[in-house]
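S.K.: One structure follows; several queries about it will come next.
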Amino acid sequence: MPQFIDQLQRTIAMSGPPHRIISLVPSQTELLVDLGLRDKLVGVTKFCVHPEGLKKEKVVIGGTKNFHFDKIDALRPDLIIANKEENYKEGIEKLAGKYPVWISDINNLEDAYQMFLSLGEMTGSIPIASQIVADIRKGLDKDFHFKGTAVYLIWNEPLIAVGSDTFIDSMLEKAGFKNIIQQRRYPEIRKEDLLRLNPDYLLLSSEPFPFREKHLTVFRDFLPKSSIRIVDGEMFSWYGSRLLRSAKYFETF
């Protein structure tokens with residue numbers, strides 16, 4: 001029986017190559033499709049918006065943090081792909097009691113590359129996975145010019161910023177920004193903190209909170225010296241094959 005190690009160092013045993021895969025993570029769903037596994041993908045979440053039209057073909061098993069276990073059971077999956085941060089522990093543990101659940105844990109590009117290759121190994125798509133990794137490296141393994149200090153917001157009211165020890169933090173550094181939020185993970189901050197930090201850039205992410213043009217005026221009123229931009233959150237936070245687009249996007253700053 002083939003065995004594989006996930007990114008939490010858990011051992012996953014499968015009876016053979018998977019034919020009925022459920023993905024609980026949007027960025028990994030897109031990757032599975034790009035690995036040529038669209039026909040083997042039977043279940044996705046309501047947030048799996050790429051590629052366009054995929055959700056109409058597959059069973060939607062709920063969100064990333066609330067699963068419909070009856071729908072999952074009906075699909076009889078032989079492999080479930082999850083993520084430590086994006087999914088919830090209790091739900092994953094319940095699924096792992098029944099099915100092979102492979103869990104990713106992504107904090108930087110190297111973690112993402114390892115995930116690509118591991119999924120390729122499990123699904124018999126190593127050549128495609130290796131090529132995708134090589135293409136992403138070609139785009140991102142270069143020095144993007146230093147742009148300045150930055151605060152990256154992912155939520156409004158309360159304001160939640162991206163801190164250290166996150167994939168987004170590593171992508172900010174790759175893109176040429178210095179993240180000046182020193183707290184770990186995703187700290188809540190105040191407007192007073194933004195005034196004190198006075199970043200060169202205030203980056204308002206398009207997700208998970210959908211910052212819009214109307215928010216720019218509010219922030220510009222009390223941070224007149226900062227360059228304030230709405231950014232495509234997928235380019236900074238999606239750690240699947242969408243990374244193929246990140247280098248070109250970073251060059252627009």
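The values are calculated or read from the model by the stated rules, or taken from the named source; none is laboratory data. Owing to the predicted nature of the structure, the values given are computational and were not obtained by experimental measurement. Counting neighbours? That spans all protein chains shown, and the Cβs are built from the backbone with ideal geometry, glycine included. When the accessible area is computed, the model is the full protein with side chains, heavy atoms only, and any ligands, DNA or RNA have been set aside. Shrake-Rupley method; radii C 1.70, N 1.55, O 1.52, S 1.80 Å.
S.K.: Using a 7 Å offset from the Cα along the Cα-to-Cβ direction at both residue 3 and residue 19, what is the distance between the two label points in nm, to one decimal?
M.R.: According to this spin-label approximation, the distance is 2.5 nm.
S.K.: Past 27 Å, Cα to Cα, is the threshold; run 147/191; 58/94; 178/248; 58/248; 40/94 against it and keep the listed order.
M.R.: The pairs that break the limit, which is 27 Å between Cα atoms, are 58/248.
S.K.: Of (i) 62, 46, 40; (ii) 51, 40, 38; (iii) 60, 37, 33, which is the value of Cα extents along the principal axes in Å derived from the coordinates here?
M.R.: Read-out taken from this structure: (iii).
S.K.: While we're here: Counting pairs of alpha carbon atoms under 8 Å apart in space and at least six apart in sequence, what relative contact order in percent does the chain give? Walk me through the numbers on the way to the answer.
M.R.: Working: 454 pairs, mean separation 41.8, N = 253.
Across the chain, relative contact order equals 17 percent.
S.K.: Using +1 at the C-beta of Lys and Arg and -1 at the C-beta of Asp and Glu, which of 123, 31, 99 has the Cα lying farthest in the positive direction of the dipole of the stretch 3-134?
M.R.: Highest projection toward the positive end goes to 99.
S.K.: Considering only protein heavy atoms, what per residue accessible area in square angstrom results for the stretch 140-242 with a 1.4 angstrom probe?
M.R.: Normalised by residue count, the accessible surface of the stretch 140-242 is 49 Å².
S.K.: According to a simple spin-label model (label point 7 Å from Cα along Cα-to-Cβ), what is the distance in nm between residue 230 and residue 164?
M.R.: About 3.3 nm, to one decimal.
S.K.: Quick one: dipole size for the stretch 192-245, taken about the Cα centre, charges +1 on Lys/Arg Cβ and -1 on Asp/Glu Cβ, in debye to the nearest 20.
M.R.: Numbers: 8 positive and 8 negative charges, 29 e Å.
Around 140 debye, computed over the stretch 192-245.
S.K.: Pull up all non-local amide H partners of residue 12: gap of 5 or more, or a different chain, and H-to-H distance under 5 Å with H placed in the peptide plane.
M.R.: Amide H neighbours of residue 12: 4, 5, 6.
S.K.: Please give the calculated 222 nm ellipticity per residue for the chain, where each DSSP H segment of at least 4 residues contributes -39500 (n - 2.57) and the sum is spread over every residue; nearest 500 deg cm²/dmol?
M.R.: Calculated from helices alone, the mean residue ellipticity at 222 nm is -10500 deg cm²/dmol.
S.K.: So, one more: If you put +1 on each Lys and Arg Cβ and -1 on each Asp and Glu Cβ, how big is the dipole of the chain around its Cα centre, in Debye rounded to 20?
M.R.: 360
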